[in-house]
Structure formats: C-alpha cells, structure tokens
Amino acid sequence: MIGSSKMTGRFSQYSNTPILRYSNGVTLIELLIALVISAVLIAGIYRAFIHQQKTYATQEQVTDMQQNARVAINRMMREIRMAGFGSVRNVLPLDAHDGPFNNEINFASNVNHVGQNDDQITIIGAFELVTTLAVNFSGNSNTIEVKGYASKFKPDTGPGEYDKYICIGGLESRKVTSIDDKKITLSSKLKSSYAAGTPVYKIHAVTYQLGWDTKDPTKPVLRREDNTTQGGAQPLADNIENLQFEYFDASGNLTVTPADVRMVRVTVTARTDSEDRELKKVSTDGFRRRTISSNIQVRNMGVNP
C-alpha cells in the first residue's frame with residue numbers, strides 16, 4: 001500500500017508500541033582509552049594542585065619571615081632612638097643584671113650567640129611612664145610626691161635591687177632611697193622645679209641579642225631582656241639568624257666610643273621557618289632569607305638638659 005511503512009521489532013503485550021533493540025555499545029578498547037585519558041587529566045590536575053599548594057606554603061613562610069624581620073627592626077628602632085632619654089648619665093654606671101652598664105649605649109660585637117658572629121646591644125633610658133607628680137615641686141629638695149604606683153620603684157638597698165632608678169620629667173634621673181606611701185625620697189636634690197602632672201618614669205637597661213629557641217634548639221630567635229626587672233630574656237621575633245650593629249658619630253664616621261654615638265645602623269637577617277626542598281637542590285640548606293637594614297638617629301646622645 002502506498003504511504004505505508006514497515007517497522008520491525010517485537011510488540012509489547014500491553015500496547016501496540018514496538019520495542020526496538022539497539023546493538024550499539026562501548027567496546028573494551030574504548031573504555032580503556034577513556035580511562036587512560038581520565039587518568040592523565042586527573043594526574044595533571046593533581047600535579048597543578050600540589051604545585052599551587054607548595055607555592056602557597058612558600059609564600060606564607062616568606063610573609064611570616066618578612067613580618068618577623070619588620071617586628072624586630074621596629075621594636076629596636078623605638079627604643080634605640082630613645083637611648084639616653086632622661087639624662088640617665090646621672091645614674092651611670094647602672095646596676096643591673098649582666099651589668100653594671102657604664103654608658104647610655106653599650107655594645108658588644110661578634111658575641112656569636114647563634115654561630116653567625118651576631119652582635120648585641122644594651123641601651124639605657126627612661127622608657128616606662130609610671131606615674132605623675134601629685135603636687136608642685138618647688139626645687140631644692142630630694143622628696144617628691146606622686147599620684148600612685150610608687151610601689152613600682154624599690155629603694156636602693158645595694159647590688160641586686162634593680163627597680164631603683166627614677167626620672168622626673170625626662171630631665172633629671174636619680175636613685176630611689178626610700179618610699180613612704182606616695183612620697184619618694186631621692187639620692188640627691190633635684191635642680192629644677194616641676195608642676196603637678198609632670199611625668200615620672202622608670203629607667204630600664206634593655207638588651208637585644210640572639211639565642212636559640214628553648215623548645216626548638218635549631219631555631220634562632222631575637223630576644224629582648226630588661227636587665228632592670230626579674231623577667232629574663234623574652235623572645236621578640238622567631239627565625240632571626242643574624243643581628244649586626246654599626247655605630248656612627250656626628251660626622252657620619254664609624255666609631256667605637258659609646259659616648260660619640262649619634263646614629264646606629266641595625267641589620268637583621270631572617271629566614272623561613274622550614275626548608276624548601278626544591279630550593280635545597282640548588283642552595284646550601286634550602287632556607288629562604290631576607291635582610292633588612294635601618295639607620296636610627298639617637299636623639300638624646302650628647303644633649304645636655
């Protein structure tokens with residue numbers, strides 16, 4: 001019949017719809033090819049992921065290293081710049097741990113605490129604002145009255161008492177001989193008059209040096225020690241493996257005389273926390289390093305009150 005067509009196949013028992021059978025499928029060779037291609041793609045993605053992960057870890061360590069170097073430099077800059085503040089030469093030599101200290105800036109070269117010929121420095125200054133004068137001080141007396149916190153100072157009972165140095169208004173420094181409530185008796189009379197509210201400082205001897213971490217003896221750290229307290233050396237920045245100081249006089253020449261120092265150049269070298277295996281193939285130990293230097297003008301050296 002014209003217009004009719006044939007359809008081969010079996011009919012469903014529930015309807016007249018034919019059920020067609022197709023013989024198309026995936027051969028074993030095609031399956032193996034697909035698996036190989038998938039494996040290559042997955043391996044490439046995994047390799048890219050591992051590389052990205054290593055890059056991220058390296059950059060994180062580099063960032064930490066640079067931050068450690070900045071922390072080390074910034075803290076030292078603030079305090080070295082203040083060396084001598086408060087006319088502390090009036091109480092020198094300063095009795096303190098690892099002292100006495102004879103100068104506002106006390107330096108030691110090539111002390112080699114961590115095997116890098118590293119230096120150390122100890123600076124003296126009225127670094128801590130403790131309280132203020134409670135009443136006007138008219139001068140020609142050795143007794144002052146403060147608003148509070150007089151107990152943060154200790155009377156001079158001889159060697160071994162390190163909280164005995166006080167500075168009035170950043171101008172005159174003395175030893176404390178006795179304390180009666182809020183009244184502090186000084187070792188000698190003050191030369192000037194001071195108004196109520198004048199700041200009263202405690203004088204500290206602060207040492208910066210390198211050392212090995214107490215938990216990891218292979219990790220170098222920068223330590224800050226306040227020699228006028230009982231706290232001992234405290235870690236300031238991790239993975240600082242070299243510390244160098246250079247000292248310059250008013251003419252910009254290198255000097256080895258502490259009293260002539262007008263500028264201090266600080267150089268710190270920091271390293272990453274762990275080795276980079278890829279870098280180790282082309283370098284000695286695989287650590288990445290950064291070196292930062294800063295010139296610090298010492299404002300209070302050579303200044304007469």
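Restricting the search to the range 188-246, which residues are basic (K, R) and assigned to a strand (DSSP E or B)? Break it down stepwise before answering.
Going through the range 188-246, the residues basic (K, R) turn out to be 189, 191, 202, 215, 219, 223-224.
Once the filter is applied, which keeps residues that are basic (K, R) and assigned to a strand (DSSP E or B), the range 188-246 yields K202, R223, R224.
Can I292 be described as modelled with pLDDT of 90 or more, touching a strand residue (DSSP E or B) at 6+ places or on another chain (Cβ under 9 Å), of a type in the set (A, V, I, L, M, F, W, C) and under 20 Å from Q66 (Cα atoms)? Step through it out loud before you land on a result.
Numbers: modelled with pLDDT of 90 or more: no; touching a strand residue (DSSP E or B) at 6+ places or on another chain (Cβ under 9 Å): yes; of a type in the set (A, V, I, L, M, F, W, C): yes; under 20 Å from Q66 (Cα atoms): yes.
Criteria not met by I292.
Does I50 satisfy the criteria of being in a helix (DSSP H, G or I), at pLDDT 85 or above, farther than 30 Å from C167 by Cβ and of a type in the set (A, V, I, L, M)? Please lay out each step first, then the result.
On the way: in a helix (DSSP H, G or I): yes; at pLDDT 85 or above: no; farther than 30 Å from C167 by Cβ: yes; of a type in the set (A, V, I, L, M): yes.
Judged against the criteria, I50 is not a match.
When T229, T198 are checked against the criterion of being at pLDDT 95 or above and more than 21 Å from V111 (Cβ to Cβ), a single residue qualifies: T198.
Within the range 134-181, the set of residues being in contact with a strand residue (DSSP E or B) (Cβ under 8 Å, 6 or more places away or on another chain) and hydrophobic (A, V, I, L, M, F, W, C) comprises A134, V135, F137, I144, V146, A150, F153, I166, C167, I168, V176, I179.
What strands (runs of 3 or more DSSP E) completely inside the range 68-184 contain at least 1 residues that are over 18 Å from Q230 (Cα atoms) and among the basic types (K, R)? Outline the logic, then answer.
Details: elements: 105-108, 120-132, 143-145, 165-168, 172-180.
It comes to 172-180.
If you filter the range 195-208 down to residues that are out of contact with any Leu (no Cβ under 6 Å at 6 or more places or on another chain) and surrounded by 21 or more Cβ atoms within 10 Å (Cβ to Cβ), you find that the one that is farthest from F101 (Cα to Cα) is V200. With within 30 Å of D273 (Cβ to Cβ) and modelled with pLDDT of 75 or more as the only criterion, which of A34, A57, A69 stands out? Being within 30 Å of D273 (Cβ to Cβ) and modelled with pLDDT of 75 or more holds for just one of A34, A57, A69, which is A69. Picking from residues in the range 185-219 that are of a type in the set (G, A, S) and within 19 Å of the chain's Cα centre (by Cα), the one that is farthest from M82 (Cα to Cα) is G211.
Within the range 82-93, one or more residues are hydroxyl-bearing (S, T, Y) and at pLDDT 85 or above.
The values are calculated or read from the model by the stated rules, or taken from the named source; none is laboratory data. Quick caveat, the model's predicted, so the values are computed rather than measured. Cβ atoms come from the backbone with ideal geometry, glycine included; neighbour counts cover every protein chain shown.
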